[in-house]
Amino acid sequence: MTPRLFVFLLAAVSCPALLPAQELFPVRDRGEARDRSYDVLHYRIEVSFDEPQRTVFGTVTTTLVPFQPEFRTLMFDAEEMRIEKVTSRSGASLPFVQGPSTVTITLDRTYSLRDTVEVSTVYSCTPRKGLYFVQPDSGYPDKPRQIWTQGEDMDNHFWFPCYDFPNDKATSEVIATVSGDLTVLSNGSLVRVRENKKEHTRTFHWRQQKPHSSYLIMLAIGEYAVLREKAGSLPLEFYVYPQRVDDARICFRETADMIRFFNEKIGFAYPWEKYAQALIHEFVVGGMENTSATSLADDATVFDARARVDHSATSLIAHELAHQWWGDVVTCKDWRHLWLNEGFASYFDPLYHEATLGRDAFDVIMYEAQKAGIATDKGLGRKPIVSVGSYGANLYPRGASVLHMLRFVLGDELFWRALRHYITKHQFASVETNDFKVAIEEATGQNLYWFFDQWVYKAGYPHFSVSSSWEDSTQLLRLHVEQTQKIDSLTGVFRTPVEIEVTTLLGVSTHRVMITGRDTVFALPVSSAPRLVIFDKGNWILKELSFAKSLEEWTIQAEEAPRPVDRMRALEQLVMIDDSAAVLPVVERMAVADSFWAVRHDAVEALGMFSDAFRASRPSVTKALLHAARDKHPAVRATATVFLTDSGNVEMISALHEALKDSSYTVVARAIRAIAKAAPEEARSLIPGYLDMPSHSNVIASTALSALAEVDSVAGLRESLARMRYGNPPPVRGAALRILRRSAAHGSVSAATFLPLLQDKNIWLRNTAIAALGDCGDQNTLPLLETIALDEKNPSAAVAKRNAEKIRQRIKAEG
């Protein structure tokens, strides 16, 4: 599964412009695998719907075998359901007791380990999780009509009774009756579609013949156009919106190539009956890898021609497809081991980019993943990726980084042999991290206890402090490597191989050494004085690196290192040197002339770190920024445009007007922001023309509204109040609400402004409105917030609790 926070981070190379994060999937504190008293063999799920009432009517027939010799009662997860009756295979009624989140059934007799049990549960529910109804209304009459599910981590038991934990696998079939104008997608192959002309309904019967965990059972129901292709003999299906067929064909065009690539690299052929992908409106995550039928957020997947200048769904599609092996064929036994799903998918997406875009692009993606893992440690605290309540923000990038290092330790041949053995041995089973470690040992003969101990079961990463010196008399390069990270129960001294690349006037040599201690000096034979020394050639290791180098050495690395990541690391060091006269020319050249777009992008950002006044005083900086604003890559243009803010520079103002006509929506939005800063008087009259301009995710209109508030607070408030109302595009409403919240913090807007939003259908807007009430500090809103906070089923309860406390503290402080 891909949280929305990562949807566009994963796409950083193929499509660098990032959209705002909307929701981060929380990995719940669920602890170790549950004990099982039975093994489910098969679910037969028959459902129909009352769309206006958002209600599900269902019958689930569950076939299972006991794990206990005297088996008389069984329990299913079933939350907030109305159980009407439970029957045995013979049709006899069975007594049952409903708890808050379960139903316990007493069987008609005692069964043994050799028996097969079948029970049918008839129920109805109005789920608040797991299954969602999307319906057009007066505010959004063009919203697609859909019913869709999202089971991970344990939400499917809100719409059908089941064993809702990943350490059990079963085959399944879904028989869904819907209105005659709707199409149903589910797992496996389509057995039949039966039409009832009298009732104006259609019944779709889908069957999944290989076992999978219950959280992967899915439905996607809507007014879809179904596109079909094949990857060899494998049927491919794309459930898309009829009005977006042409765009969808383009955005999904790499699917067959991805399947061929994964089949070849993994060495285990795609095993499911088909591969379908469905567009989901208002999806709570970016994508979900339901077995054979992936759900994808529509706004993160299909882009119009102009949006494709900035965005691509390649990373999202590759990530979810990789899960069909890593997460669906082999599935984590409990959520502590979720990295076996998410870390693998987060590595196989970049691997596809390595094959299609080249090693440089792959290296930059992995460098960004490493930085994200380090940032998570610093922001949320260190935590092993195998632990209770692991951070979703850590599992993805750190998990990918761990696999990347494992590939380096083993080498490509042994790495791929180990992965093939692992998935073959554990196919269609639930696994934990030790299963993976043992499979590696069986396939390679390597005991990697030390590797898993430091990278998986413990936390943190090495902080390498490195220095080098050259001895002409002995022709040795002495490399002093010290680990300076804090040593405690979570983080120790790291053991790792590392490659040192040394460039001299006579050529390039690579030395592989093994770091095992906290403070080590390596003596490397080098035939002449080094010109460039790279620690960790290829950037395989998750680390922080402090390499003592002179300005000249960092300049050589920035301009001559063959790999983009090494040039990016040099840039990071150069901008910290307090010698702008020497550093600026190097950064300017990188911004203009580096061969890789990500290096140019970072160099432009580095130029932007200097103050407006400093940049304005340096014509060479202005020249570099103007050049970058015309770069062939949209991410570089967008970043450069932000810094064209010198109001006295006619050429900059002219460049901003040119940027307003750019093919990239993002560049246009950045130009509006820059004009608001560089020419506020002109912006007052110019910006209103962009408030209703259509763009992907309304990035232009949202930016224009924010810019208007900066240059004309009265007009900004007026427009924000109007555009906050239900019926406006959600991203624009979000921008308006952020403006009003800032105004509330300064006393310009009263708490009454936000009260209507507490009933809004958009949870992000509801939560932001609650936070705004906390900013207002109006004690009259305290009872309302406390009421919300006490409702455990209200998804805004935690936000309300925090902001109620904020108001209480303010009242206390004011005495």
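Quick notes on this one:
- Once both labels are positioned 7 Å from their Cα atoms along Cα-to-Cβ, the gap between E499 and I811 label points is 6.5 nm.
- Heavy-atom accessible area per residue - the stretch 188-245, 1.4 Å, Å²: 50 Å²
- Label-zone membership for the stretch 31-47, site T201, 7 angstrom Cα→C-beta point, backbone N under 15 Å: 45-47
- Expressed as a fraction of 2.2 N^0.38 Å, the value expected for a compact globular protein of N residues, the C-alpha radius of gyration of the stretch 665-815 is 1.13.
- In this simple spin-label model, placing a label point 7 Å from the Cα along the Cα-to-Cβ direction at both V508 and Q475 gives a separation of 2.2 nm.
- Computed from label points 7 Å out along Cα-Cβ, the spacing between T63 and E560 is 7.1 nm.
- Global geometry of the stretch 86-150, whether rounded, prolate or oblate, following the gyration tensor of its Cα atoms and the 1.5 cut on a/c: prolate
- Straight Cα distances below 17 angstrom link K812 to the lysines K801, with same-chain residues fewer than 8 positions distant left out.
- Square roots of five times the Cα gyration tensor eigenvalues for the stretch 274-331, Å: 22, 12, 9
- Near the amide H of Y38, within less than 5 Å, lie the amide hydrogens of F67, all on another chain or at least 5 residues away, with H placed in the peptide plane.
- The accessible surface of the chain, taken with every protein chain in place and a 1.4 Å probe, is 50 percent carbon and sulfur.
- When you filter the trypsin sites (Lys or Arg not before Pro) in the stretch 157-254 for DSSP loop state and at most 10 other Cβ atoms inside 10 Å of their Cβ, you are left with K197, K198.
- Near A523: Cβ cut-off under 11 Å, other residues only, Lys/Arg at +1 and Asp/Glu at -1. The net charge is 0.
- Size of the stretch 462-559: Rg and Dmax of its alpha carbons, in Å, are 13.8, 46.
- Computed from Cα atoms alone, the Kirkwood hydrodynamic radius reported for the stretch 286-402 is 15.0 Å.
- Surface accessible to a 1.4 Å probe, per residue, for the residues of the stretch 622-769, Å²: 43 Å²
- Within-15-Å neighbourhood charge of Q809 [Cβ basis; K, R +1; D, E -1]: +1
- Restricting the stretch 629-671 to trypsin sites (Lys or Arg not before Pro) that sit in a DSSP loop and have at most 12 other Cβ atoms within 10 Å of their own Cβ leaves K632, K661.
- Neighbourhood net charge (15 Å Cβ-Cβ; Lys/Arg +1, Asp/Glu -1) for S172: -3
- Pairwise Cα separations in the stretch 122-279 fall into 10 Å bins from 0 onward with the following percentages, short to long: 10, 32, 39, 17, 2, 0.
- Span-like helix ranges in the chain, DSSP H, alpha carbon extent 24 angstrom or more, Kyte mean at least 1.6: none
- Distance from the stretch 462-516 to the stretch 29-51 (C-alpha centre basis), Å: 52 Å
- Above-threshold pairs, the threshold being 23 Å between Cα atoms, out of K333/K425; K210/K274; K537/K623: K537/K623
- The length gained by stretching the chain between V388 and S750 to full extension, at 0.36 nm per residue less their Cα-Cα distance, is 126.1 nm.
- Three-way shape call for the stretch 539-645 based on the alpha-carbon gyration tensor, with the a/c threshold at 1.5: oblate
- Extended-chain gain in nm, criterion 0.36 nm per residue less alpha-carbon gap, W764 and I250: 181.9 nm
- Over the C-alpha trace of the stretch 515-576, radius of gyration and Dmax come out as 12.5, 33 angstrom.
- For the chain, adding -39500 (n - 2.57) for each run of n ≥ 4 DSSP H residues and dividing by the number of residues yields -11500 deg cm²/dmol at 222 nm.
- Debye equation applied to the C-alpha atoms of the stretch 53-122, log10 I(q)/I(0) at 0.12, 0.21 Å⁻¹: -0.31, -0.89
- Using distinct alpha-carbon pairs, which all enter the 1/r mean, Kirkwood radius of the chain in Å: 29.3 Å
- The dipole here belongs to the chain: it is taken about the Cα centre, uses +1 on the Cβ of Lys and Arg and -1 on the Cβ of Asp and Glu, and is about 900 debye.
- Using R0 = 35 Å, the C-beta based FRET efficiency linking K85 and A225 works out to 0.35.
The values are calculated or read from the model by the stated rules, or taken from the named source; none is laboratory data. Bear in mind the structure is a predicted one, so any value in this text is a computation, not a measurement. For neighbour counting, all protein chains shown are included, and Cβ atoms are generated from backbone atoms with ideal geometry for every residue, glycine included. Quick note on the areas: whole protein, heavy atoms, side chains included, nothing else; ligands and nucleic acids left out. Shrake-Rupley method; radii C 1.70, N 1.55, O 1.52, S 1.80 Å.
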